[in-house]
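The values are calculated or read from the model by the stated rules, or taken from the named source; none is laboratory data. Everything numeric here is computed off the predicted structure, so don't read it as measured data. Note: ideal-geometry Cβ built from the backbone for every residue, glycine included; neighbour counts use all protein chains shown. Please note that ligands, DNA and RNA were not included when accessible areas were found on the heavy atoms of the full protein model with its side chains. Shrake-Rupley method; radii C 1.70, N 1.55, O 1.52, S 1.80 Å.
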Amino acid sequence: MLWSGWGDPAKATALPEPLRKLLQDLLGVRAPETPAASFGEVRLAPVALSPLVLAELRAVVGDGHVRSDDDARIRHTRGKSTPDLMRMRAGDGSDAPDAVVLPGSHADVTELLRLCAAHRVAVVPFGGGTSVVGGLVATRNGFAGVVALDLARLNRLISVDAESMTAEMEPGLRTPQAEQLLATRGLTLGHFPQSYEYATLGGFAAARSSGQASAGYGRFDDMVVGMTVATPRGTLDLGRAPKSAAGPDLRQVILGSEGAFGVITSLRLRVRRAPARRIYEGWRFASFAAGSAALRRLAQEGPVPTVLRLSDETETMIGLARPGELGGLAADAGCLAIAGYEGFEEVTAQRERAAAVLSESGGVHLGTEPGESWAHGRYSAPYLRDSLLAVGATVETLETAGFWSNLPRLYDAVRLSLQGSLGSPLVMCHISHVYGTGASLYFTVVTAQSGDPLAQWETAKRSAGEAIVAAGGTISHHHGVGRDHREAYAAEIGELGVEILRGIKDRLDPRGILNPGVLIAQAPAAQPGVSEP
Ligand SMILES: Cc1cc2nc3c(=O)[nH]c(=O)nc-3n(C[C@H](O)[C@H](O)[C@H](O)COP(=O)(O)OP(=O)(O)OC[C@H]3O[C@@H](n4cnc5c(N)ncnc54)[C@H](O)[C@@H]3O)c2cc1C
């Protein structure tokens, strides 16, 4: 993974010249005055952990699995949001952990948590490092140091229960690895987020991720039927049955807890038979409203395709345009929807029935070319972000969800807020996760960088978050809370809700060492040095 950008450097995407020109003409994008810092220019504080603590950590996991060199520290600094990349490009390594520790088992994790609690060391569980909400930025306040607990060595497929269609898997598996292991048994998880190449199973559970085929396979939290969690107070083994009436479901407490309550060391996941057939096709709607109504009908009455997404007018225009023809499609592009079907023989009938609903709802069938083109390029957009940043354009995404009846209000509120804060940015939106009762809205914003692009984006993001809360949406459909959404999340669940979460954290993590400041604010009672319950 590129330390200051996204993905495999070999896949870097150069910006087509017509697109660069469009950015200049339409948005006034100009090359940044300061060049990006090189790896060697990143400013790191000296390692704060004492040699004694480092030696004790090494005694648990072995010499080679505790690293405090610059390379390891820089590669475990923050996540991959645009502000994260901006800080790295500016050479700001101030959030780097003091050491990176790689446990090899659940027992290692338990022992490491015990040691870190004893020495007042904060612990940041680290999966693929793709958080876009500040989920990997623990506060140092009151701690002797910060350790990134990289779960990469916990990467086994432990067992498959073919009768129940579940697989027990370790959290450090990245999605391609997990899919390869399952493919040897003819199985799949069906979880394909845009961060597919790097994100891990543990990170998906901890942040309640949702993949591009969620309409068919469900969200990641739907797939989790059991888990083992190491906490500073002991181990939680959760999930004896798919569903249970035995009290509140504690699995739901860990899902979305973003490393603040415990470290997930194994997951029992629902799996599906790997599909034999995959067909993706395009539909055109006259407007976003007309397309949304069609998606709602499918979500409520069925049949629901495996992939179902709809771009608004702006995203359709930008997405459809070939670099040489930019701007030429605006007038009649309408809104592009993608419907994808994965499965077996039933795909033909399902596709026919869905096509009838889409046509009756005003959709025009565009054939498979737009669908195949979407499937082909589905993981490439993050590479383009790096090229845009380099030429002086800020590009970032934000997302929310709401009930169908409230979606138009939410859509307008976010767009207005972004336009208000950024002047005349390009704001694109799509719906990519649908339910009978509502859907998500995913916005992509492109704007010319000001003299202080970080402050410029933070102001815009704050105001968009306030607009989401005021318009009745949730602050996140699938990116999570981290540090960036903490205040908005608190506004969403109210003071009593925050108190409940704090109570759980205090019980599981009395010294507050797990990802302090992520999910909920650090409480004085949870700070180190204060007596334990
Ligand atoms: C380019 C890009 C595209 C993205 N696309 C999508 C998308 O389509 N859908 C989507 O849902 N998200 C998406 N994301 C967000 C991100 O990939 C998800 O939040 C993902 O779930 C994070 O997984 P990770 O393994 O990288 O976790 P990390 O970023 O390493 O960690 C995320 C959080 O979970 C905690 N954590 C990690 N592992 C564990 C564990 N084993 N136990 C306890 N806590 C743990 C961390 O401390 C942190 O708070 C995208 C991000 C990027 C940069």
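Only protein atoms count toward the accessible area here, which uses a 1.4 Å probe; on region 222-351, the carbon and sulfur part of that area reaches 51 percent.
Taken along the Cα-to-beta-carbon direction at a fixed 7 Å, the label points for Arg185 and Thr459 span 5.4 nm. Based on the Cβ-Cβ distance from Asp63 to Arg153, what FRET efficiency comes out when R0 is 25 Å, to the nearest 0.05? About 0.95, to the nearest 0.05. Of the peptides 181-187, 439-445, the ranking by mean beta-carbon count within 10 Å, highest at the top, reads 439-445, 181-187. Beta-bridge orientation, the chain: approximately 85 percent antiparallel, per DSSP, counting only bridges with both partners inside.
For region 339-443, which GluC sites (Glu not before Pro) pass both filters: DSSP loop (anything but H, G, I, E, B) and at most 12 other C-beta atoms within 10 Å? Those satisfying the criteria are Glu345.
Using equal-weight Cα scatterers in the Debye expression, the normalised intensity of the chain in log10 at q = 0.12 Å⁻¹ is -1.21. With the highest mean first, a sort of the peptides 304-311, 188-195, 275-282 on other beta-carbon atoms found within 10 angstrom per residue produces 304-311, 188-195, 275-282.
Can you tell me how much longer the chain between Phe344 and Lys21 gets when fully stretched, taken as 0.36 nm per residue apart minus their C-alpha distance, in nm with one decimal? Let's see the in-between values first.
Numbers: separation 323, 0.36 × 323 = 116.28 nm, distance 4.56 nm.
Net length gain for the segment: 111.7 nm.
Each Lys or Arg adds one and each Asp or Glu subtracts one; over the other residues with Cβ under 12 Å from the Cβ of Asp386, this totals +3.
Relative protection proxy for 137-147, 201-211, 42-52, from highest mean packing down: 201-211, 137-147, 42-52 (other beta-carbon atoms within 10 angstrom).
Take the Cβ atoms of Ala241 and Asn406, set R0 to 51 Å, and the FRET efficiency comes out at 0.90. Adding -39500 (n - 2.57) for every DSSP H run of four residues or longer, then dividing by how many residues the chain holds, sets the calculated 222 nm ellipticity at -10500 deg cm²/dmol.
With the Cα gyration tensor of region 367-447 in hand, convert its eigenvalues to equivalent ellipsoid semi-axes via √(5λ) and list them largest first in whole Å.
Rounded to whole Å, the semi-axes are 23, 21, 9.
Which lysines have a Cα lying under 24 Å from the Cα of Lys11, excluding residues fewer than 8 positions away in the same chain? Cα-Cα hits under 24 Å: Lys21, Lys80.
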